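Everything below concerns the one structure shown next.
The values are calculated or read from the model by the stated rules, or taken from the named source; none is laboratory data. Model, not experiment: these values are computed from the prediction. Virtual Cβ from ideal backbone geometry, glycine too; neighbours counted across all protein chains shown.
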Amino acid sequence: MPPGRVEHIHLAGHAGEAMRSIERVRAVAGIGLEGDRYAAGLGRFSQNRKLSRALTLIEGEVLDALRAESGVDLQPGESRRNLTTRGIALNPLVGQRFRIGSVLCQGLALCEPCEYLMELIGKPVLDPLLHRGGLRAAILEGGEIRVGDEVCLA
């Protein structure tokens, strides 16, 4: 599988808060991204341990396809995912270890879209993002993630 790259990094401090774009972030093993709502236990789904959201990713190509196929212009921060990648398919990373720069991650499950996302952004994305809404991942070894970092199998 060829490597991809991190295109965008987004965080929100609290559930429902607008995502803010940053150039770099510290990933903490077993916790999440410093400054993000899920690392602080303040995310909408923080109480559901089955839905770990230490790190969420979405493919930039999916956002492009959504625009082309349905006319919905979903910006990277509106996806509510922490990282937007390009050049690597994320669905096959479920159950796989992969690296983002020096950070070691484990793909946990697809990050399917939900009605809460549609409520927050006011765009019809539930059906168009089904099975391509991104990836939920655990952080196994921490470090810094930067825009431009390589994303590849470990």
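Worth a mention:
- Residues satisfying the criterion are present in the range 101-119 (criterion: out of contact with any Lys or Arg (no Cβ under 9 Å at 6 or more places or on another chain), outside any helix (DSSP H, G or I) and within 20 Å of Glu34 (Cβ to Cβ)).
- When the range 65-123 is filtered for residues that are modelled with pLDDT of 95 or more and among the hydroxyl-bearing types (Ser, Thr, Tyr), the ones remaining, listed by number, are Thr84, Thr85, Ser102.
- Tally of residues being charged (D, E, K, R) and loosely packed, with under 15 Cβ neighbours inside 10 Å across the range 27-40: 1
- Taking the criterion of being surrounded by fewer than 17 Cβ atoms within 10 Å (Cβ to Cβ), under 22 Å from Pro92 (Cα atoms) and either aliphatic (A, V, I, L, M) or in contact (Cβ under 8 Å) with a residue 24 or more places away in the chain (or both), the residues of the range 111-139 that qualify are Leu126, Leu130, His131.
- Considering the range 12-26, the residues that are in contact with a helix residue (DSSP H, G or I) (Cβ under 8 Å, 6 or more places away or on another chain) and in a loop (DSSP other than H, G, I, E, B) include one that is modelled with the lowest pLDDT, namely Gly16.
- Checked against (1) small (Gly, Ala, Ser); (2) more than 12 Å from the chain's Cα centre (by Cα); (3) in a helix (DSSP H, G or I), Gly77 passes all but condition (2).
- Residues in the range 88-144 that are of a type in the set (Val, Ile, Thr) and either closer than 18 Å to Ala54 by Cβ or touching a strand residue (DSSP E or B) at 6+ places or on another chain (Cβ under 6 Å) (or both): Ile88, Val94, Ile100, Val103, Ile139.
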